[in-house]
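Following: one structure in structure tokens, then a few remarks.
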Amino acid sequence: WDPKNIANGQAWELIDKAAVAALQTVHRGQASPLAYHMARHQMSTGLLAKYAGVGRLKVWLHLKPKLFSRLAPAALKRYAEVFDISVRELKTVPETHVSGFRSV
């Protein structure tokens, strides 16, 4: 199982690096919390658009903090359901990222 654990660990490291970078961007006010949640769930704008049933351009626009803050409750709920989190969680981000990798 060592090769599998090593490969999984390396994959999680890449995911975590992307999540940390997205989190820093959100903390600087350059992106909405949606960017962090997308990185955590390994989603592109196209993939999130497909799952949420909205246009790719809308997802891209919702990555802008000002536009995200004006989203209707229904749109927020749709995104939250995709990520299987509450709307409250969707609208916030943690101070630091916690890795999703758990070694076996």
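The values are calculated or read from the model by the stated rules, or taken from the named source; none is laboratory data. Note that the structure is predicted; figures quoted are calculated from it, not measured. Cβ coordinates were reconstructed from backbone atoms using ideal geometry, including for glycine residues, and neighbour counts include every protein chain displayed. The accessibility values were calculated without ligands, DNA or RNA, using every heavy atom of the protein model including side chains. Shrake-Rupley method; radii C 1.70, N 1.55, O 1.52, S 1.80 Å.
Summary of values
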item	result
Accessible surface of the chain, 1.4 Å probe, proportion on carbon and sulfur as whole %	57 percent
Cα gyration tensor shape of the stretch 1-56, rounded if a/c is under 1.5, else prolate or oblate by comparing a/b with b/c	oblate
Overall form of the stretch 25-81 per C-alpha gyration tensor (a/c, 1.5; a/b vs b/c)	oblate
Extension reserve of the ILE6-GLU81 stretch, reckoned as 0.36 nm per residue once the Cα distance is removed	23.8 nm
Helical mean residue ellipticity (222 nm; -39500 (n - 2.57) per DSSP H run of 4+; nearest 500) of the chain	-19500 deg cm²/dmol
Accessible area per residue, Å², the chain with all protein chains present, probe 1.4 Å	67 Å²
Rounded if a/c under 1.5, otherwise prolate or oblate - the chain, Cα gyration tensor axes	prolate
Spin-label model distance (nm) - THR96 vs LYS50, 7 Å beyond Cα toward Cβ	3.6 nm
